[in-house]
Amino acid sequence: MRPRSEYAEPYRIKVVEPIRLTTRREREEVIAKSGYNVFNIPSDKVYIDLLTDSGTSAMSDHQWAGLMVGDEAYAGGKNFYHLQETVEEITGFKYVLPTHQGRAAENILTTYLVKPDKRVLGNMHFDTTEGHIRLKGGNPVNLVIKEGLETAARHPFKGNIDIPRLLDEIHTFGAGSIAYINITVTCNSNGGQPVSMGNIKEVSRIAREHSIPVFFDAARFAENAYFIREREEGYEKKAITEIAREMFSYVDGFTMSAKKDGLVNIGGLLATNNEDLYKRAGEWGIIYEGFLTYGGLAGRDLEAMARGLREVLDEDYLENRIGQVKYLGDRLLEQGIPIIEPTGGHGVYLDAKRFFPHMPQREFPAQALVVELYVEDGIRAVELGAAAFGYNDKDTGEMVYPALELVRLAIPRRVYTDRHMDVVVRALRNIAGRKDKVRGLRLVYEAPVLRHFTAVFEQI
Ligand code: P71
């Protein structure tokens, strides 16, 4: 394979969107007015927006051209058939239901599969999946390997399911207690970490033996396929399309937020070969999303998605994409900045506990770092620590803290250059240089669920 450093982006820029660096004074005012919560900052006050890689990709000229051939018929629009053929070719699944985004597909799938008190096993379920499982009365269970939770463990597939723990679950609770197994590729919750083909195959074999359905949360399936080619023996010479097809061959279907590897700004999918699921899911889909051939989207959105799903499997694109994430990670490591290693598919995750060793978790070190990044250079990141996952124990009223205190720098696809990444490195180096002076935060308002979106803080 060509080393990335010798080549630049496999595209040239045809349209630009101006961004502006505000003054430090302005940013100090903005962040205070926002309650030290970056979800409250208007995006035109952000210079480099790394809040999420979801729905923030740049579409290609081919995708934009696709919008003009949108067929807005209520039923049987031609873009649906194009999308359906594309999904079938890439994944092997012929029943395809478009949805307005990933969580809508999760809602439909969990409505079909999850009955009260049933368990849903996975590597690490994403927040929205976990929410849908709980809403249907089920119990989400995370079985990621132990290295997956150690930020400095350089395991190549930190998204893998722990096989002995999976077997233990089946033996302890019985296969009948398990609604399905959900493998998130790549695993967002611990750093965009990939799952190996070997692991997918083994989980699938065990599941089939016990008649347990297996689904992917396929939001970042192409990035996962790329890592398999880079890191797994026997796949070095395979085409990404072939690897993706093999991944999907081991599961019964998938839900997907197309806002990631679909390279679109909105949209989702549910796909399977199970006719009964398709029929039942279709009934729910019609109630929640819209008719089967548009699922809450415009015909033009379906066309952009069909084209995006092909582009994301382009080998040069993926090499550049994953290479940029690694570029940022490597520069940060050179500066001694603690991150989750190895870097994953869609961003770099900073370890705030190691970055601010002096700051207790009750002062929200990860959120404090998010605030500093904004004030330093107008960079917007997201907290994945005490603010997002801490909660008050029902019985004791005591705050329970998560094991990890992370800041995610999610990189939108085809949007920023490596020069932008250099700005991020410089900002973090400057913050590291004055870290003893950085102040922790106190929570002054929280909503009962998903509190980090609307929380208000004060500086201590
Ligand atoms: C991300 C998001 C977007 C997000 C969603 C909810 C809270 C905060 C941020 C969304 C995912 C995802 C995976 C693996 C399903 C969804 C939901 N990720 N699975 O990482 O990463 O998809 O947003 O299209 O409904 O910023 P949806």
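Looking at the stretch 66-75, can you tell me whether even one residue there is farther than 23 Å from residue 287 by Cα, away from the ligand (no atom under 16 Å from the Cβ) and charged (D, E, K, R)?
Taking every residue of the stretch 66-75 in turn, none turns out to be farther than 23 Å from residue 287 by Cα, away from the ligand (no atom under 16 Å from the Cβ) and charged (D, E, K, R).
Working only within the stretch 83-122, note down all residues that are within 15 Å of the ligand (Cβ to nearest atom) and among the hydroxyl-bearing types (Ser, Thr, Tyr).
99, 110
So, in the stretch 342-363, of the ones that are charged (D, E, K, R) and closer than 21 Å to residue 426 by Cβ, which residue ends up surrounded by the most Cβ atoms within 10 Å (Cβ to Cβ)?
Among those residues, the one meeting the criterion is 351.
Here are the criteria: (1) under 30 Å from residue 271 (Cβ atoms); (2) in contact (Cβ under 8 Å) with a residue 12 or more places away in the chain; (3) not in a loop (DSSP other than H, G, I, E, B). Tell me which single one residue 89 does not satisfy.
Going through the list (1) under 30 Å from residue 271 (Cβ atoms); (2) in contact (Cβ under 8 Å) with a residue 12 or more places away in the chain; (3) not in a loop (DSSP other than H, G, I, E, B), residue 89 breaks only (2).
Take the residues in the stretch 13-28 that are under 13 Å from residue 42 (Cα atoms) and among the charged types (D, E, K, R); name whichever of them is surrounded by the fewest Cβ atoms within 10 Å (Cβ to Cβ).
Among those that are under 13 Å from residue 42 (Cα atoms) and among the charged types (D, E, K, R), it is 20.
Looking at the stretch 417-460, which of its residues are assigned to a helix (DSSP H, G or I), loosely packed, with under 14 Cβ neighbours inside 10 Å and within 16 Å of the ligand (Cβ to nearest atom)?
Selection gives 453 alone.
Quick grid of which residues meet (1) assigned to a strand (DSSP E or B); (2) hydroxyl-bearing (Ser, Thr, Tyr); (3) farther than 26 Å from residue 57 by Cβ:
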| residue | (1), (2), (3) |
| --- | --- |
| 216 | yes, no, no |
| 230 | no, no, no |
| 238 | no, no, no |
| 248 | no, no, no |
| 255 | yes, yes, no |
| 259 | no, no, no |
| 264 | no, no, no |
| 277 | no, no, yes |
| 281 | no, no, yes |
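Answer with yes or no whether residue 204 is away from the ligand (no atom under 15 Å from the Cβ) and open to solvent by less than 30 Å² (accessible area, probe 1.4 Å).
Judged against the criteria, residue 204 is a match.
Can you give me the number of residues within the stretch 346-377 that are touching a strand residue (DSSP E or B) at 6+ places or on another chain (Cβ under 8 Å), closer than 23 Å to residue 326 by Cβ and not hydrophobic (A, V, I, L, M, F, W, C)?
5
I'd like the residue in the stretch 220-265 that is within 15 Å of the ligand (Cβ to nearest atom) and among the basic types (Lys, Arg) and, out of all such residues, is surrounded by the fewest Cβ atoms within 10 Å (Cβ to Cβ).
Out of the qualifying residues, it is 259.
So, in the stretch 160-208, exactly how many residues are among the small types (Gly, Ala, Ser), closer than 30 Å to residue 409 by Cβ and touching a Ser or Thr at 6+ places or on another chain (Cβ under 9 Å)?
Adding up the residues that qualify gives 2.
Among the residues of the stretch 282-289, is any surrounded by fewer than 17 Cβ atoms within 10 Å (Cβ to Cβ) and within 16 Å of the ligand (Cβ to nearest atom)?
yes
Given the residues 125, 132, which is the only one that is out of contact with any Cys (no Cβ under 8 Å at 6 or more places or on another chain) and either more than 12 Å from the ligand (Cβ to nearest atom) or within 24 Å of residue 249 (Cα to Cα) (or both)?
The match here is 125.
Those residues that are more than 16 Å from the ligand (Cβ to nearest atom) and without any contact (Cβ under 8 Å) to a residue 60 or more places away in the chain, I need them from the stretch 392-416; list them, please.
Those that are more than 16 Å from the ligand (Cβ to nearest atom) and without any contact (Cβ under 8 Å) to a residue 60 or more places away in the chain: 392, 393, 394, 395, 396, 397, 398, 399, 400, 401, 405.
Which of (1) without any contact (Cβ under 8 Å) to a residue 24 or more places away in the chain; (2) open to solvent by less than 10 Å² (accessible area, probe 1.4 Å); (3) of a type in the set (A, V, I, L, M) is the odd one out, the single condition residue 333 does not satisfy?
(2)
Take the conditions more than 29 Å from residue 386 (Cα to Cα) and charged (D, E, K, R) and apply them to residue 27. Does it pass?
no
Go through the stretch 92-147 and give me each residue that's among the small types (Gly, Ala, Ser) and modelled with pLDDT of 95 or more.
92, 102, 104, 105, 122, 137, 138, listed by residue number.
Is it fair to say residue 182 is within 16 Å of the ligand (Cβ to nearest atom), within 23 Å of the chain's Cα centre (by Cα) and closer than 22 Å to residue 271 by Cβ?
yes
Do you know which residues across the stretch 128-176 are touching a residue at least 60 places away in the same chain (Cβ under 8 Å) and exposed (fewer than 14 other Cβ atoms within 10 Å of the Cβ)?
The answer is 152, 154.
Please enumerate the residues belonging to the stretch 17-58 that are within 16 Å of the ligand (Cβ to nearest atom), closer than 22 Å to residue 261 by Cα and part of a loop (DSSP other than H, G, I, E, B).
The answer is 50, 51, 52, 53, 54, 55, 56, 57.
Is it the case that residue 165 is away from the ligand (no atom under 16 Å from the Cβ), touching a Leu at 6+ places or on another chain (Cβ under 6 Å) and at pLDDT 95 or above?
Criteria met by residue 165.
The values are calculated or read from the model by the stated rules, or taken from the named source; none is laboratory data. Since the model is a prediction, treat every value here as computed from it, not as a measurement. Here the Cβ is made from the backbone with ideal geometry for all residues, glycine too, and neighbour counts use every protein chain on show. Remember, those area values only see protein heavy atoms, side chains included, never the ligands or the DNA or RNA. Shrake-Rupley method; radii C 1.70, N 1.55, O 1.52, S 1.80 Å.
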